[in-house]
């Protein structure tokens, strides 16, 4: 099996090098519309490599042995996503032009893939995981292209394209691969793992607190307006933390792991703010949304997961449905609502940045909201179909 | 007790959401006098969430179980400090306007609160800690407002407002809560904890080395002059490290924990440089100050702590008096001296940035020095009174 | 021995403070040719303190007890390197002028020293290590001055000046200090250490992934062109990871430590890209170079290390020859090739940035390549002589 993996890696890497040699060139000039300030801004966040690292940290929580596999997946996805994305966006004269932007997008894709692997971790071997990745990257890029470029949906933090897509894709793969007997044993092991790994958790949570807020805001507000997306994400993180402390003692017995729940709440709040973060115009809106997001993983793991497991035979190793899936969907609905209610009064100059089509008058706020809403079933459909196909 | 905590969190969070809904709005325009370059600069340092994380790391050293509590405190303080600060600084027409600056200041406040909790950690329960936080944030913001806005004291890195205030506030609370029997047992446990937690320490120290120097410099020197505050802090960190290696073998037996002492020296050096960092004009001044700062925690823990414990019944779980209190006071005295001696010759164009009042001629250098000096007893008074009241 | 160390530290620190007081002043004005954008750029990467921290992390892997020594070395080297560098570069009127650039260069020097200590770690005591450091910093700065300032060699990421110099200097010291009996015992302990420290490794690798790509690119491409050096380093990191997964199952049995090998491959890829990173003009070149770099540490530790150990009696505690030495040499050869083949067509406007002499016509591309090549034996010679002398 290890030699199989070795051979597959060799084939893929050689294939990638050949494809890169044939098609990919660096952008000789600066990307149009990307002035020095903005570039600075996106580099400042060290996006390249940041989020994968975060999610590796996140996965490390469950299964230390699989960190190596995750790093392999990240290393492969980055190359593959740059290639696929290039074919969709910038294929001209038989050449693809890549630049810093390609790498940032490739990292968003990596996040979606890592979320998906959270549902099947420990149940498929690395070879299967590489093949799953191959398909998921393609469908992810297609979905992102349709949503962001063709439909003009706003989703800077990836509530929909990253969190929701990744979660439901992974869940579908997990459903198809369902094997009743193996899963029972697996689950007990998971429980045991949980107990042992309480120590590295604070580090993971702290990383998220530090890095994510600036990450969420990258695509839109660099240096031009007050960074509301960052502030919104911060307020929502704070509120989701308090929500965990409120609900947890009611739902659980003494002695459970605070840190796991805090990290779940943090991730849920981030998934929620992905789309709405740049659209919220008041701090109390962010507090309320974060508060609700913090309740979702706790309620979900208590009531929804057992139901999914027994009725739909959905096995979800890392609870990604509660942490990424549901908050992503809720964040999309919130974003839809906010887009539909957007007025020039409330946004002022920021309307131009957040909803350029609305500001230019080529689209009404309601139209934008409708588009955001349509993007949700489309993403779910693509994720589900893709997951089935891959499974 | 857990349900009590849950209820209190619920009440506070609802109260905060209502207050935010009634009063707080985002700043629709960019803050005046804050051009794109500066904003960049402060974001670059990821202040939002950085220092809390650092101090959570610092606390993690002593008591892993209390990390969850610390995160709760951070999540609450950030919201509460934004609100209180808004009422003091920008209350107009019944509305508070918040922006990126509010969040940065809220984080400074979080640091002071976490320093204070270092003195009482493990002796009060989370509910008591939340109530203590409620009061401390209010008094901290009041003190900061009087010092920085009314008196025009310069304290960009918070030697006085953060380190000294936090340390003495915590010590007073600790003094009032003194219970002879419990503390004896406590102490033994602390010793045991120390032994076990040697491993995560390097990480904490390294974080401080990486992030603090850029943090110290944020408020003043962004992109306009050579960043002397950063360089000063670096030189002083290096010198304090050597000081630890010089004094430690003389004071202690073989086999004690290097890393704990190195981290203490690092923190002391940072507390020392908080005020003086931007005022020192020569590297050797920074080396000398850092060298002295590195000696303080070692000498303090050897000679001063036993004295305080036996005579004044001051219980100091994490040694915050030696690490934050004393170096903060020394840093303030150094800052006073430097301010009093400031001349246009030595500072050149930087005088405008470091001491704007002196540069504009509305105040003499000696006047500035006197103000800096007066700020010290005022802060000590407010911290002591506040601590007594809270206790 | 501990009192000896204490005394030596005291002497050195007092000496440094006196020398700083006599000679060193801050640059009163902004460095010429360093506009606000660039300064921003270099601060953004928090270079000051970043790389030392990374390499401390790297060393932490082998021997937890030596972390304190490494921090001592870093604290001393930073001060000493600023001084030596000042004497070489900016000695005027009996004064040295230092600025942000001095600190960045001091950190590069720290990296070279830490790489060297990797070869002798655990075999010499801290006093010897401080003395070795004293000499190495001087020779390093001399070598760097000759290469970069006098000869005009391009080596922004330090393939040659940092990785190759550090590795061969350390190896020579190790060779001179060779003691057959002690080393045998030592080695067994190393093996045991390896087994125990698998857990903190992922963190180290992740740090490298996050921070190094932006570090490599600092000196050249700040805000002026598309950051190809960053992208090249990323592609090469991804390829070297896949290379590890390809070769490792063939060379090793089941059950070895993935993470150690992944970190080695990462470091090798970084050493390889130090010089060539800014010169490669196509992504597939970076992929290929990274792929080869990933193979080096695996092949080296399997075939070359036993040979060196038995024939040349070269003891290499941390395998620095495979991780830093060889990839550094290969990177230099690659850089030479690329410099010799550089044409205005392929580089466009970037020629001015990467090879200013060639762009101005004062030197041909072949001349630049020849210079890059000459720099290799010169560095090896200085490193070897310096190592012998120190040993």
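For region C:243-391, relative contact order (Cα pairs under 8 Å, six or more residues apart, normalised by length) works out to 25 percent. Computed from the C-beta positions of residue B:360 and residue A:95 and an R0 of 51 Å, the FRET efficiency is 0.30 to the nearest 0.05. Take residue C:11, move 7 Å from Cα toward the beta carbon, and the resulting point lies 6.6, 6.6 nm from the same point in each other copy, nearest first. Distances between equivalent label points of residue A:343 across the copies, with each point positioned 7 Å along Cα→Cβ, amount to 6.3, 6.3 nm, shortest listed first. Inter-chain neighbour count for C:287-293: the average number of beta-carbon atoms from partner chains within 10 Å of each residue's beta-carbon is 3.
Listed by Cβ neighbour count within 10 Å, with the fewest neighbours leading, C:370, C:231, B:247 appear as C:370, B:247, C:231. When both region A:263-339 and region B:260-297 are represented by their alpha-carbon centers, they are found 45 Å apart. Label-to-label distance, residue C:352 versus residue A:309, with points set 7 angstrom from Cα along the beta-carbon direction: 6.4 nm. Going by neighbour counts of Cβ atoms within 10 Å, the residues A:248, C:149 line up, fewest first, as C:149, A:248. Look at the stretch A:272-284: the mean tally of other chain Cβ atoms within 10 Å of its residues' Cβ atoms is 3. Between this copy and the others, label points of residue C:370 are 7.2, 7.2 nm apart in ascending order, each placed 7 angstrom from Cα in the Cβ direction.
Label point 7 Å out from residue B:250 along Cα-to-Cβ: which residues of region B:279-307 have amide N under 19 Å? Label zone hits: B:287-305.
Share of pairwise Cα-Cα distances greater than 20 Å in region B:267-391 is 52 percent (whole percent). For B:10, C:284, the sequence from fewest to most other C-beta atoms within 10 Å is B:10, C:284.
No value in this document is a laboratory result; all are computed from the given coordinates. Worth saying up front: this structure is predicted, and the values here are computed from it rather than measured. Here the Cβ is made from the backbone with ideal geometry for all residues, glycine too, and neighbour counts use every protein chain on show.
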